[in-house]
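A quick write-up on the structure given underneath.
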Amino acid sequence: MNSGRTVFSQLIDHLPIHEFRKCVARYRGNHRARTFSCWDQFLCLAFAQLTYRESLRDIVACLNALKERLYHMGIRGRIARTTFSDANDRRDWRIYADFAQVLIREARSLYANDAFGVALDGTVYALDATIIDLSMTLFPWARFKSMQNAVKLHTLLDLRGNIPTFLCITPAKIHDVNFLDQLVPEAGAFYVMDRGYLDSARLYRWTQAGAFFITRARKNLACRRLSSKPVDKSTGVRCDQTVEFKSFYPRRAYPAHLRRVAYADADQAKRLVFLTNNFALDAKTIADLYRTRWQIELFFKWIKQHLRIKAFYGTSENAVKTQIWSAVSVYLLVAIARKRLAVQANLYTILQVLSVTLLEKTPLFEAFSTAESQLSETQNHKQLWLFDL
């Protein structure tokens, strides 16, 4: 007789169920729910993410084919397509957003000591946004352009472990810079962002809060040089200047001085100009910190390739947000389990192994060890390894 627990149920053990119940109670998620609770809904969505299900009908068909195993997976409710669809459309997406925040706190504590490519003790965040395209026919509420419907996922990424610490889903027409209004600057932390976030009034709030920002300067940005420091041009640094805004309105919104660092990137044959409010670090470290911003681009590419956030299980705004937040939660869940079990395999390999071993009754560590052995066999293959820094 095959004894033991499935890999799926062992993985779910890493979730704080009591915290999930608090989130459900906060928004009365189980009000009038008789046969399909919020926990059942979340487990079904997690199963869909881990096994790469592409549609609601696909999820229901697969789970109903496994009726005898559902109880051992933790799913107690009866799964019907209409019930599942109604839950995605009507149950408050903030339940899953709040639960993701719980997992974010846990993941950040586990990855707090990880290196990210620059020798710096402080916290470093990368800030950016990505467009998630939607069908114009099925999602009329998400109008973006005349020939495109979409939503925008704004993300603040902790570069120690590539953990998304703050996310916001908005209409795609909302400009990226507006996301700065929702963030609370963390004193002593570094925020690396592209030039789309260059807004003098908003960035001055970072300076007043004791936080540091590093961003690209626009080509038409008018600055007045106040002083210059000598630089070692063999490192690629071309200038290190103290400047102030030259135009009246930017200078009024940002009355303090700024640091302007020019860097010649030999690999891409580009000259990059950075603006920062940090005057303590050397100019080469400023350039190196901006280079780490590429991790958030890899994060967006990774989740679009390996999580189900391109084909949606419902057409309402609530269903779309529920699916995105559940996908983020699954990403965090696997990252947490990976760290707790001290597995060196990357997240991509782990997800691939989980997709085919999810219902097997084998110890979770053995399943992850299989992923680790696969990594050693394919380590020369060029893949998108998000956790290889």
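Values for this structure:
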{"item": "Sum of -39500 (n - 2.57) over DSSP H runs of 4+, divided by residues of the chain (222 nm, nearest 500)", "result": "-12500 deg cm²/dmol"}
{"item": "Neighbour-limited loop hits for trypsin sites (Lys or Arg not before Pro), segment 121-213 (at most 16 other Cβ within 10 Å; DSSP other than H, G, I, E, B)", "result": "Lys173"}
{"item": "Filtered trypsin sites (Lys or Arg not before Pro), segment 1-91: DSSP coil and at most 11 other beta carbons within 10 Å", "result": "Arg32, Arg34"}
{"item": "Dipole axis of segment 195-292 (+1 Lys, Arg; -1 Asp, Glu on Cβ), positive-most option in Pro255, Pro230, Ala287", "result": "Pro255"}
{"item": "Vicinal HN-Hα couplings computed from phi for segment 213-220 (Karplus, 6.51 cos²θ - 1.76 cosθ + 1.60; Hz; Gly/Pro x)", "result": "10, 9, 9, 7, 8, 6, 5, 9"}
{"item": "Violating pairs (Cα-Cα greater than 32 angstrom) within the set Lys145/Lys284; Lys67/Lys301; Lys173/Lys246; Lys233/Lys301; Lys233/Lys304; Lys173/Lys339", "result": "Lys145/Lys284; Lys67/Lys301; Lys233/Lys301; Lys233/Lys304; Lys173/Lys339"}
{"item": "³J(HN,Hα) computed for each position of segment 174-182 - Karplus, 6.51 cos²θ - 1.76 cosθ + 1.60, integer Hz, glycine/proline x", "result": "5, 5, 4, 5, 5, 5, 4, 5, 8"}
{"item": "Sparse-neighbourhood loop sites, trypsin sites (Lys or Arg not before Pro) in segment 207-239 - DSSP loop, at most 10 other Cβ within 10 angstrom", "result": "Lys219"}
{"item": "Nearest-ten-degree value, helix 294-306 long axis tilted from longest Cα axis of the chain", "result": "20 degrees"}
{"item": "Cα long-axis angle, helix 347-357 against the chain (0 to 90 degrees, to the nearest 10)", "result": "10 degrees"}
{"item": "Percent of Cα pairs exceeding the 30 Å cut-off, where the set is the chain", "result": "46 percent"}
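Where a number appears in this text, it was derived from the coordinates with a stated rule and is not lab data. Only a predicted model underlies this, so the values are computations on that prediction, with no experimental measurement involved. FYI the Cβ positions are ideal-geometry reconstructions off the backbone, even for glycines, and counts take in every protein chain you see.
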